[in-house]
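The values are calculated or read from the model by the stated rules, or taken from the named source; none is laboratory data. As the structure is a prediction and not an experimental result, all values here were calculated from the model. Cβ placement follows ideal geometry from the backbone for every residue including glycine, while neighbour counts extend to all protein chains displayed.
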Amino acid sequence: MNIVHDILPLKNQLYRLALRITLNSQEAEDVVQDVIIRLWKQSEQLTDIDNLEAYAMRITRNLAIDRQRMRVNQTEQLTDDMPLMHLHSPSPQQQLEREERIDSIRQTMNSLPEKQRTAMQLRDFEGKSYREIADVMQISEDQVKINIYRARQAVKQKLTSFNASSL
């Protein structure tokens, strides 16, 4: 196993997963660094692992959850340096409305339970299959589908209520 060829290409995915769990960019960077160090130290044993990506993501998830639990009372939101999507609008009013909608969605996603946030991040932002998500989260595929459904429903409900209130 070669860390440079096998693990480093995953660092952005690992970072986004850690960020979605910790909601703190510095904490997410620390998690990814710890994961890479841990994998480096285990490099001899990693040849036995079938899916290195899922294994690395599982370690990332577990470390991020551990760090998040240590900071139970210090919940921070995603910052604008990690935008939900890149948007251009023709008028300042439309830009303001879109920014408010993005903030609303971001807040909704940040308030989701950790399993829903993680499952939605892996599926909708990382493009992982249900099986891969189940492996990373160590839950069944049915539980993954339920968590994603509930997360999407919460975001959809928030977006619907935002649209209704802005009319």
**Asked** From P113, P92, which residue is at pLDDT 80 or above and more than 25 Å from R69 (Cα to Cα)?
**Response** P92
**Request:** Mind telling me which of the residues R69, R61 ends up being modelled with pLDDT under 80 and under 18 Å from the mean Cα position of the chain (by Cα)?
**Result:** R69
**Fill in**
The number of residues in region 112-167 that are touching a residue at least 60 places away in the same chain (Cβ under 8 Å), crowded, with 17+ Cβ neighbours inside 10 Å and polar (S, T, N, Q) is 2
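I want to confirm something. Restricting to region 6-57 and keeping residues that are aliphatic (A, V, I, L, M) and not in a helix (DSSP H, G or I), which single residue is surrounded by the fewest Cβ atoms within 10 Å (Cβ to Cβ)?
Of region 6-57, the ones aliphatic (A, V, I, L, M) are 7-8, 10, 14, 17-19, 21, 23, 28, 31-32, 35-37, 39, 46, 49, 52, 54, 56-57.
Remaining after also requiring not in a helix (DSSP H, G or I): 23, 49.
Numbers: L23: 23, I49: 14.
Step by step, filter region 6-57, then rank; the result is I49.
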**Request:** Considering every residue within region 136-143, establish whether at least one is in a helix (DSSP H, G or I), out of contact with any helix residue (DSSP H, G or I) (no Cβ under 7 Å at 6 or more places or on another chain) and not basic (K, R).
**Result:** yes
**Prompt:** What is the number of the single condition among (1) in contact with a helix residue (DSSP H, G or I) (Cβ under 7 Å, 6 or more places away or on another chain); (2) in a helix (DSSP H, G or I) that K156 does not meet?
**Reply:** (1)
